[in-house]
1. Do any helices (runs of 4 or more DSSP H) entirely within segment 78-136 hold 2 or more residues that are under 23 Å from residue 35 (Cα atoms) and within 22 Å of the chain's Cα centre (by Cα), and if so, which?
2. Can you give me the ranges of the strands (runs of 3 or more DSSP E) entirely in segment 193-306 with at least 2 residues that are away from the ligand (no atom under 13 Å from the Cβ)?
3. Looking at segment 226-239 only, could you name the residues that are open to solvent by less than 20 Å² (accessible area, probe 1.4 Å) and under 17 Å from residue 198 (Cβ atoms)?
4. With the structure loaded, tell me whether residue 44 is assigned to a helix (DSSP H, G or I) and within 16 Å of the ligand (Cβ to nearest atom) or whether it fails that test.
5. At pLDDT 95 or above and outside any helix (DSSP H, G or I): does that describe residue 382?
6. Looking at segment 25-50, which of its residues are open to solvent by 60 Å² or more (accessible area, probe 1.4 Å) and either touching a strand residue (DSSP E or B) at 6+ places or on another chain (Cβ under 6 Å) or under 30 Å from residue 435 (Cα atoms) (or both)?
7. Quick one: would you say residue 362 is part of a helix (DSSP H, G or I), free of Cβ contacts under 8 Å to residues at least 24 places away in the same chain and either under 25 Å from residue 27 (Cα atoms) or among the hydroxyl-bearing types (Ser, Thr, Tyr) (or both)?
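The values are calculated or read from the model by the stated rules, or taken from the named source; none is laboratory data. Everything numeric in this text was worked out from a predicted model, so none of it was measured. Neighbour counts run over all protein chains shown; Cβ positions are idealised from the backbone, glycine included. We work out accessible area using only protein heavy atoms, side chains counted, and drop any ligands, DNA or RNA first. Shrake-Rupley method; radii C 1.70, N 1.55, O 1.52, S 1.80 Å.
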Amino acid sequence: MTKVSSVRSAEGKLGILLVGLGAVSTTTIAGIIAVRKGLAKPIGSLTEMGTIRLGKRTEGRTPTIRDFVPLARYDQLVFGAWDLFNENCYEAAKTAGVLEPALLDQIKDELSAIKPMPAVFDRQYVKRLDGPNVKKGKNKKDLANQLIADIRKFKAENGCDRLVMLWCGSTEVFLVESDVHKSMAAFEKGLEASDPAIPSSMIYAYAAISEGIPYANAAPNLSADVPALMELAQKTGSPLVGKDLKTGQTLMKTIIAPGLKARLLGIDGWYSTNILGNRDGEVLDDPESFKTKEESKKSVLDYILQPNLYPDLYKDLHHVVRINYYKPRGDAKEGWDNIDLVGWLGYKMQLKINFLCRDSILAAPIVADVALFLDLAHRAGMSGIQEWLSFYFKSPMHAPGLYPEHDLFIQLMKLKNTLRYMQGEELITHLGREYYD
Ligand SMILES: NC(=O)c1ccc[n+]([C@@H]2O[C@H](COP(=O)([O-])OP(=O)(O)OC[C@H]3O[C@@H](n4cnc5c(N)ncnc54)[C@H](O)[C@@H]3O)[C@@H](O)[C@H]2O)c1
């Protein structure tokens, strides 16, 4: 196979712009700096620890992914952020309470130097928050222009060669696609008129995409996943990906459900409940923000189990998802799943999962990987939706008319085959006839 696209070199500085300097962002930044200093290992990161098999099983070629594709290295990264609170990254990490002070104190200088730029924020979209570090503008277009000015200033001041932007802000209220999202012309008018169907996250997405910067959405709210912004991304060459990082309970769901389906075990019901006490949990305590999250979490099973193809097994599945804000737990989320299974001749069984996880510890390696892979995609000339990064998301963005792929194992195969494709290596189909012929 010949190389499909020549991937531009990863040399130079890559600026990672994070919208929201909360638990996920601070854990990502602090983690990358700690790894850079040799204080900890990047566990959970495919770009740093993953390998990829090339050629036949008999060839013994299994390089690390970072040696196989030209990815930016952690020591080439610089960080910028926006938040409605003034705390610098060190203070924000302390507030988030995810990482031990003993670790944070060893990287205090680097973290303290990262100060949030004033946010584009409107309480209409995140009802439980309010803060002092917020931009004022005559309309949404003006706010977008202020973000573009921030982006350009950050790039120049930090000597960046390239940038990526990730929305790691709070989950905004549930919105559906409307007329203003249908074309770029309508969207531009909507910005001028401060149309309420354009939430803050979309203004950031617009600013990034206008500048040809890759954009990812770590949260479930509607953001770059509207026709207008996809149209703009095709024009400016921005790769896009989202939505909603696949951590915790949904990660487990997309590991377990494909296994149960593979063995054709029926499922009558799947009841999922969580307690968590971080700021994300507080925001999700608002029913409108929770609805956005619920939609994202619930769609997963339908697509994996395909009740239309397997009505005897999954047609009547009762799927319930609950999130309860419970302060004492902070970021240490606890999830319970009860799965009512049906086996041979209709006999009932139950499976219980109790996952005592750490939300941001699971999210940080995803944010780091997505930033590096989006930058790679950009250098490979890939724009628009990056479906090969579905692996990392609960509600993967996908082309209109196509159903999303949620099975974690298919997603990983797709991701690795995309890397092989970029580098002109044979795709691996797992057919394996050649070993027996
Ligand atoms: N941690 C996980 O496992 C996980 C998984 C999937 C999705 N997410 C999503 O990622 C997002 C971040 O999670 P978190 O735990 O860091 O939450 P967090 O509440 O700790 O941080 C979010 C930050 O975003 C800021 N913010 C909100 N609106 C903003 C705006 N318009 N501009 C700039 N800053 C803004 C808030 O002030 C806050 O500091 C949430 O939407 C969450 O639902 C997290």
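1. Working: elements: 89-96, 101-106, 108-112.
Because the criterion is at least 2 residues that are under 23 Å from residue 35 (Cα atoms) and within 22 Å of the chain's Cα centre (by Cα), the helices (runs of 4 or more DSSP H) in segment 78-136 that meet it are 89-96.
2. 239-242, 266-276
3. 226, 228, 229, 232, 233
4. no
5. It is true that residue 382 is at pLDDT 95 or above and outside any helix (DSSP H, G or I).
6. 49
7. The answer is no for residue 362.
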